[in-house]
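First up is the structure itself, then whatever we jot down about it.
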Amino acid sequence: MAYDADWPPLSPSSTGMRGRCPRCGQGHLFNGFLTLRPNCEVCGLDYSFADPADGPAFFVVCFGSVPSIALAVWLEVSYQPPFWVHLLISLPVLLITCLLPLRPLKGWLIASQYFYKAEQGKLDRGSGSPQADDTQHKG
């Protein structure tokens, strides 16, 4: 298994948006539509570091769902079409704007976690606060 220093840094947008390994840029990130592979089939990078959580869904809701729902509301208020018009216009627009960006966004977030070496925050359980340390040394 190769170390990270053996690989040139690759842009998270170029690798993640294409669903490629953030280290080598050749292996795949996903097994299916959104299922993350256990590791890269080319360089062997373990993907257990990756935890995009609800990040992709948040971005899709903000940038995809809101405009799609606004279109449906505008269509309803302006024209009051029958229900089948919403099925033909609003539903496909909503599905396209919500499903298509999920995979590239998840890939980009995973590649960004790797590129910037992002980890879960940890509490420092040291000797105490900096103020307490200063008062002990003044005496």
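Ignoring everything but the protein chains, give the 1.4 Å probe accessible area of residue 69 in square angstrom, nearest 10.
So the heavy atoms of residue 69 present about 90 Å² to solvent.
If you average the alpha carbon positions of the range 88-115 and of the range 12-85, how far apart do those two centres end up, in angstrom?
3 Å
How long is the gain from residue 78 to residue 46 if the chain were fully straight, where each residue apart is worth 0.36 nm and the alpha carbon distance is subtracted?
Net length gain for the segment: 6.3 nm.
Explain nothing, just compute: Karplus ³J(HN,Hα) = 6.51 cos²θ - 1.76 cosθ + 1.60, θ = phi - 60°, for every residue of the range 33-45 in order, whole Hz, x for Gly and Pro.
5, 10, 7, 6, 5, x, 7, 7, 6, 9, 9, x, 4
In whole Hz, with x marking every Gly and Pro, tabulate ³J(HN,Hα) for the range 64-76 from phi via Karplus 6.51 cos²θ - 1.76 cosθ + 1.60, θ = phi - 60°.
x, 5, 4, x, 5, 5, 4, 4, 5, 5, 4, 4, 5
Can you list residues from other chains, or at least 5 along the same chain, whose modelled amide H is less than 5 Å from the amide H of residue 36?
Close amide H contacts, sequence-distant or interchain: 31.
Cysteines without a disulfide-compatible partner in the chain, using Cβ under 4.7 Å as the rule?
If one checks each Cβ against the other cysteines of the chain, 62, 98 turn up with nothing under 4.7 Å.
For the range 36-135, state which trypsin sites (Lys or Arg not before Pro) are in a DSSP loop and have at most 11 other beta carbons lying within 10 Å of their beta carbon.
117, 122, 125
Would you kindly find the accessible area of residue 30, with a 1.4 Å probe and non-protein molecules such as ligands, DNA and RNA excluded, rounding to the nearest 10 Å²?
Roughly 10 Å² of residue 30 is accessible to a 1.4 Å probe.
Of (i) 8.7; (ii) 14.5; (iii) 9.7, which one was derived for mean projected area of the Cα convex hull in nm² from the structure shown?
(ii)
Tell me which trypsin sites (Lys or Arg not before Pro) from the range 1-62 have a DSSP coil assignment and no more than 16 other beta carbons within 10 Å of their own.
The qualifying sites are 18.
Quick one: ranking 35, 97, 15 by accessible area, 1.4 Å probe, largest first, what do you get?
The most accessible residue leads, giving 35, 97, 15.
Can you show me the helix-derived [θ] at 222 nm for the chain, built from DSSP H runs with n ≥ 4 at -39,500 (n - 2.57) apiece and divided by the number of residues, rounded to the nearest 500.
-13000 deg cm²/dmol
Projected onto the charge dipole of the chain (+1 at Lys/Arg Cβ, -1 at Asp/Glu Cβ, origin at the Cα centre), which of 89, 27, 5 gives the Cα projection farthest towards the positive end?
89
The values are calculated or read from the model by the stated rules, or taken from the named source; none is laboratory data. Just so you know, these numbers come straight off a predicted model, no measurement behind them. All Cβ positions, even for glycine, are placed from backbone atoms using ideal geometry, and neighbour counts span all protein chains on display. Heads up: the accessible areas ignore ligands, DNA and RNA and are worked out on the full protein's heavy atoms, side chains in. Shrake-Rupley method; radii C 1.70, N 1.55, O 1.52, S 1.80 Å.
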